[in-house]
Structures are given as C-alpha cells and as structure tokens.
1. Quick check on segment 85-97. Is at least one of its residues within 14 Å of residue 59 (Cα to Cα), crowded, with 18+ Cβ neighbours inside 10 Å and either over 12 Å from the mean Cα position of the chain (by Cα) or modelled with pLDDT of 95 or more (or both)?
2. Does segment 98-108 hold any residues that are part of a helix (DSSP H, G or I) and surrounded by 15 or more Cβ atoms within 10 Å (Cβ to Cβ), and which are they?
3. Given the conditions (1) at pLDDT 95 or above; (2) surrounded by fewer than 16 Cβ atoms within 10 Å (Cβ to Cβ), which single one is not true for residue 124?
4. Based on this model, can you work out whether residue 73 counts as surrounded by 20 or more Cβ atoms within 10 Å (Cβ to Cβ), closer than 16 Å to residue 122 by Cβ and either in contact with a strand residue (DSSP E or B) (Cβ under 8 Å, 6 or more places away or on another chain) or touching a residue at least 24 places away in the same chain (Cβ under 8 Å) (or both)?
5. Can you tell me which of 79, 58 is surrounded by 13 or more Cβ atoms within 10 Å (Cβ to Cβ), more than 24 Å from residue 42 (Cα to Cα) and free of Cβ contacts under 8 Å to residues at least 24 places away in the same chain?
C-alpha cells in the first residue's frame with residue numbers, strides 16, 4: 001500500500017508545491033496587514049490573535065509537510081486544512097461585524113475559500129490511496 005502512495009504524494013507535491021507555497025506565504029502576509037488595519041479597539045484583539053494564529057499556521061504546516069514522511073505529510077496536510085477552515089470561520093465573523101476594509105475582507109474570504117478547496121482534495125486523495 002505504501003509503495004503506491006509515494007508516487008501520488010510526489011505528484012501532489014510537484015503540482016502544488018511552488019505556487020501553493022508562495023500563495024500561502026502571501027496569504028499570511030495579507031492577513032497580517034489586514035488585521036493591522038483594524039481600529040485599536042480592545043474587543044478586536046481576540047480577532048487579531050485568533051486570525052493571525054490560524055492563518056499563518058496553514059502555510060507553516062504545509063512547509064513542514066514538504067520534507068515529512070508519508071505519515072507526517074498526511075498529518076500536516078490535515079492540520080493545514082483544519083487551520084484553513086478555522087481561518088474561514090474567523091473571517092466570516094469579521095465580515096458579519098464589518099471589521100476592516102471591505103475589499104480586503106472580500107479578497108481574503110475568496111482566497112481562504114480557494115485554499116480550503118485545494119487542501120480538501122490533497123488530504124482526501126492522500127488518505128484514500
């Protein structure tokens with residue numbers, strides 16, 4: 001079973017590695033700039049903290065997956081997917097509360113939706129084979 005999985009993992013890494021790594025890095029930077037633009041209200045501190053943690057964790061875990069064993073790869077991808085879903089949740093709350101720049105918020109919501117759509121199939125394909 002493991003012998004059949006390794007070529008699939010390599011294919012996934014080759015397909016997504018360069019563009020996804022850069023995209024996740026940029027997403028983390030955009031998030032940090034976005035939360036930096038929030039008004040200096042104490043009630044926004046929790047959003048800053050939670051969003052910065054979950055959003056930057058997506059890319060960090062993906063980076064670790066790139067040099068991981070098969071088992072670690074799956075675990076890191078799973079964590080990246082979970083963190084992406086959490087990031088989407090925080091962005092939806094921020095959107096409902098109309099915090100931050102509308103255009104930036106819409107872009108980040110769209111981007112995290114696409115990131116979730118990327119990690120879902122990577123994870124599913126990795127565990128099924």
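1. Among the residues of segment 85-97, at least one is within 14 Å of residue 59 (Cα to Cα), crowded, with 18+ Cβ neighbours inside 10 Å and either over 12 Å from the mean Cα position of the chain (by Cα) or modelled with pLDDT of 95 or more (or both), which makes the answer yes.
2. 105, 108
3. (1)
4. yes
5. Being surrounded by 13 or more Cβ atoms within 10 Å (Cβ to Cβ), more than 24 Å from residue 42 (Cα to Cα) and free of Cβ contacts under 8 Å to residues at least 24 places away in the same chain holds for just one of 79, 58, which is 79.
The values are calculated or read from the model by the stated rules, or taken from the named source; none is laboratory data. Keep in mind it's a predicted model, so treat the numbers as computed, not measured. With ideal geometry, Cβ positions are generated from the backbone for all residues, glycine too; neighbour counts draw on all protein chains shown.
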